[in-house]
Amino acid sequence: MHETDVATLAATSTLPVVRHQLQHREGLRAWVSDDATAYVVQQRRPWDGGLALWLLGDTDALGPLAAAVAAQHGVPHRVLVEERAREAVPAPWRPVRSRTWHWMSTREAPPAPRHPVVDLGPDDDTEVSAFLDEAYPGTFARPGTDGVEGWSAVRDEKGILAVGCVVRQDDGTGYLRGVSVFPARAGEGLGGAVSARLTARAQAGASGLASLGVFVENGPALAVYRRLRYEVGHTFVAGVPAGAAEGA
């Protein structure tokens, strides 16, 4: 096990989520062994900052690395560990109140949206924020969130019906966030239309890749993303570590 700088890790790792999502400006420390990786980043979520620790590898490889990192670093605010290795996490770092999610990506061109989709500008930020307050108050992105490149929406004469954005990553990958549909219009394909447009926008970056995160229990969203040819690259368990929860 050895410590490395975040930029080197992002440039040399063969792990998809590291190559395409690790942001240099957010990364603070990183460690690698032959078959495991750990890194700490500064979270920039709308409602939650603090340090997040990412742990990748299988149980046998990640256990020794996680133990070594725990000896050098305090308990982080949040831990994200590959589901296959969740038991390798030291007890004080093991996520509690956790959720499981897929990191997915695609290079396949999406089909044309089934509903008209428009790209929004800064003048629409107030309307987007009001829509998210009603349709998705726990969204991971809002107008003004760091890295957001642009929003797209389905709308009618009364306003927005579905919306989402692309967050541009350091390597040029576009990450879909904040995809949400007005509850009364769910099941009409509006979220799929917005996601198709956002996928095309995301793939216009230097890496040619679109990526996203989706909770494993969100069956309707998973069905949309599979139709758009997204594939699972990693599955994570994420939550507040036990040590932090005890001190809260």
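Of the residues making up segment 47-60, none is outside the structural domain of Gly219 (by TED's automatic domain parsing), modelled with pLDDT under 90 and closer than 22 Å to Ala221 by Cα. Kindly check whether there is at least one residue in segment 202-222 that is polar (S, T, N, Q) and under 18 Å from Ala52 (Cβ atoms). Yes, segment 202-222 contains a residue that is polar (S, T, N, Q) and under 18 Å from Ala52 (Cβ atoms). The residue that is surrounded by the most Cβ atoms within 10 Å (Cβ to Cβ), among those in segment 117-145 that are modelled with pLDDT under 95 and β-branched (Val, Ile, Thr), is Thr139. Counting the residues of segment 116-145 that are of a type outside the set (D, E, K, R), touching a residue at least 24 places away in the same chain (Cβ under 8 Å) and not in a loop (DSSP other than H, G, I, E, B) gives 5.
For (1) modelled with pLDDT of 95 or more; (2) in contact with an Asp or Glu (Cβ under 7 Å, 6 or more places away or on another chain), each residue gets a yes or a no:
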position: Gly205; (1), (2): yes, no
position: Leu212; (1), (2): yes, no
position: Gly233; (1), (2): yes, no
position: Phe236; (1), (2): yes, yes
position: Val240; (1), (2): no, no
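Being in the same structural domain as Ala242 (by TED's automatic domain parsing) and either at pLDDT 95 or above or of a type in the set (A, V, I, L, M, F, W, C) (or both) is true of Val69.
The values are calculated or read from the model by the stated rules, or taken from the named source; none is laboratory data. Everything numeric here is computed off the predicted structure, so don't read it as measured data. Neighbour counts run over all protein chains shown; Cβ positions are idealised from the backbone, glycine included.
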